[in-house]
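Input: a single structure, listed below in C-alpha cells.
The values are calculated or read from the model by the stated rules, or taken from the named source; none is laboratory data. Fair warning: this is a prediction, and the values are worked out from it, not measured in the lab. All Cβ positions, glycine included, derive from the backbone under ideal geometry; neighbour counts span all protein chains shown.
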Amino acid sequence: MGDRMKRIIKFVIAIGFILFIFQFAVMFFINKHEVNYTLSQNDNTYTVKEQFQKVKKKHYYNFEVLDKDKNKFIFYYDQDYKKKKKILSQVEVYQEGNVYCMAPIFKDNKLGGIVCRNNSELVSFDYLKRSGVSFDKWKEALQAKGYVLEDTDIVSTQDIITLYNHFPANYTMSIWNYHGLYILKKDHIKNLSILDNDYYENTLGILAGNYYIIANTDQNFSYNRIYIVDLLNESKDFVDLETEISKDSYFLGVVEDDVYIMDRDKKVEYSFNIKSRKLKEVGNKDTNATMYYNGKWEEKNIYTVSDNKETFQIEEKSEKLEELYHPKLVRESFNKYYFVTNDNTVYYVMKNDLNTKVKLFQDANMKEVKLVDDSLFFISGQDIIMYDLVTGYRKLVTHSELLYNSKNIFDVVKK
C-alpha cells in the first residue's frame, strides 16, 4: 500500500471520527429542534411542523399538521425518542358531516391523542364522544389495526374504594380517610393509619414532593409532632419539634423542600424543611410575612395574610390568556396552559400559540383540579378522573365519600 493511499485512509478515518463526535455532541448537548416535513397518504398531503424540547428528563414533542385544504390540527406527545426528528409517521382520519378527526401514529406505531374539528373549532376526541357522537365503526377499524382506545375493567375494591385499570402505573394517589391516608397504586390500595381520632376535614395536611405532611391534630390546642408519609414507599415517620404550633394554623404552600406554616394565633410564619426536618421562623408581627407569588418572594403584612388565610401563588399568570379567554381557573405546565371557563369547559393552548385553543371536555361536576406533570386530575361526583392529551378522559377511582367531602382530600405524585 502506497503512502498516498495510507494518507487517504487516515484522512477518511479522521473525518469519520469527527463526524461521529459531532453527531454525539448534537445528540448529547442539543436539546431542542424544529423541523418541517410532509406525509403523503392516499389523495392527501399533510404538512407537519414538529417542535421538540428536552427539559430535564422530559421529552416534549408538539406538532402542527395541515391537510391540503389548510385544516389545522395540533398534537402533543411525551415520549423519549432519543431526540430523533420526524417521528410522526402517518395519520388516520375520520370525516362525517361537520366532524373531521385525525389520529397521529408515531414511529413506534403508537396511537397518540386524537384531535377533531367540529365545524371550525378544534376539539378533543373525548369531547365529541361525551357529547354523543358515535365513532363505533372508526374505533373498530383502529382496533383492527392494533390500536387500543379504551377499557373499563375493575381492578379491586376495598373500603368502598373502587380502582380501575386505567390507573397509570407510574402514578401514586393519596386519599384522606379521616385518620390517615389510602395510598393507591395501579395494582393495590393500602390503608395507612396515622392519627388516633377521626377528622372529617383535612385542614392540616399538604403534599410536598413525594411526601405527605400531616400535623398531629390529636394533640389538644397546639401540636409539635409532624407526620411525614413517603407515598412512593408507602411508609410513615414523624418528627417532634421543639416549638409548639397552634392548631389555629394552616399551610401557606410548598417551595422546593420547604413547607410554610402560618400560626394565626401567634402571628408567626414558619418553614419546615423536609430533608433536614428542622423548623425555622421566617416571619412574625415585627418582620411581616414572607410570601411567594409567581416565582418571587415578597413581604406582606402578617395580619392581612393570617386574617384572610392567604396562600402562595405558585403558577405564573398570563395577561394575554386572561384577556383572550377570561378563565375562572388556570393550570400551567412547562409549555402550555390548561384553563377552565365559567361553564366548566376545559381547553388547552400552547404558550407559543395562545390564539389556537383546543376544547378538551366539559364536566359540570368538576372540582379540586390538579395538574401533575402534564395530566389533569379532578373530582367529578364520586369519581376521580384523569385527563391526558394522549389517553383522554379516564375514570381512575370511585369513592362514595367524594360526594360529601372533596376539599383537600386527594393528591397525586408521579415517579
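What about Glu244, is it at pLDDT below 95 and out of contact with any Asp or Glu (no Cβ under 7 Å at 6 or more places or on another chain)?
In short, no.
Scan region 268-311 for residues that are among the hydrophobic types (A, V, I, L, M, F, W, C), part of a strand (DSSP E or B) and in contact with an Asp or Glu (Cβ under 9 Å, 6 or more places away or on another chain) and jot them down.
Scanning region 268-311 gives Val268, Phe272, Leu279, Val282, Ala289, Met291.
Can you go through Tyr61, Tyr46 and tell me which one is in contact with a Phe, Trp or Tyr (Cβ under 6 Å, 6 or more places away or on another chain) and surrounded by 15 or more Cβ atoms within 10 Å (Cβ to Cβ)?
Values: Tyr46 fails: in contact with a Phe, Trp or Tyr (Cβ under 6 Å, 6 or more places away or on another chain).
Only one candidate passes the filter, namely Tyr61.
Please count how many residues of region 130-140 are surrounded by 13 or more Cβ atoms within 10 Å (Cβ to Cβ) and without any contact (Cβ under 8 Å) to a residue 40 or more places away in the chain.
So the count comes out to 2.
Which residue is surrounded by the fewest Cβ atoms within 10 Å (Cβ to Cβ), if the candidates are limited to region 92-121 and must be touching a Phe, Trp or Tyr at 6+ places or on another chain (Cβ under 9 Å) and closer than 22 Å to Ala364 by Cβ?
Taking the candidates together, the pick is Asn118.
Please enumerate the residues belonging to region 191-233 that are more than 23 Å from the chain's Cα centre (by Cα), of a type in the set (D, E, K, R) and not in a loop (DSSP other than H, G, I, E, B).
The one that is more than 23 Å from the chain's Cα centre (by Cα), of a type in the set (D, E, K, R) and not in a loop (DSSP other than H, G, I, E, B): Arg225.
Using the structure shown, decide if Ile160 is in contact (Cβ under 8 Å) with a residue 60 or more places away in the chain, under 30 Å from Phe125 (Cα atoms) and in contact with a helix residue (DSSP H, G or I) (Cβ under 9 Å, 6 or more places away or on another chain).
no
Considering only region 387-408, state which residues are crowded, with 21+ Cβ neighbours inside 10 Å and more than 30 Å from Cys116 (Cα to Cα).
Hits for region 387-408 are His399, Leu402.
Taking into account only those residues within region 235-274 that are acidic (Asp, Glu) and surrounded by fewer than 15 Cβ atoms within 10 Å (Cβ to Cβ), which is farthest from Asn301 (Cα to Cα)?
Top of the filtered list is Asp237.
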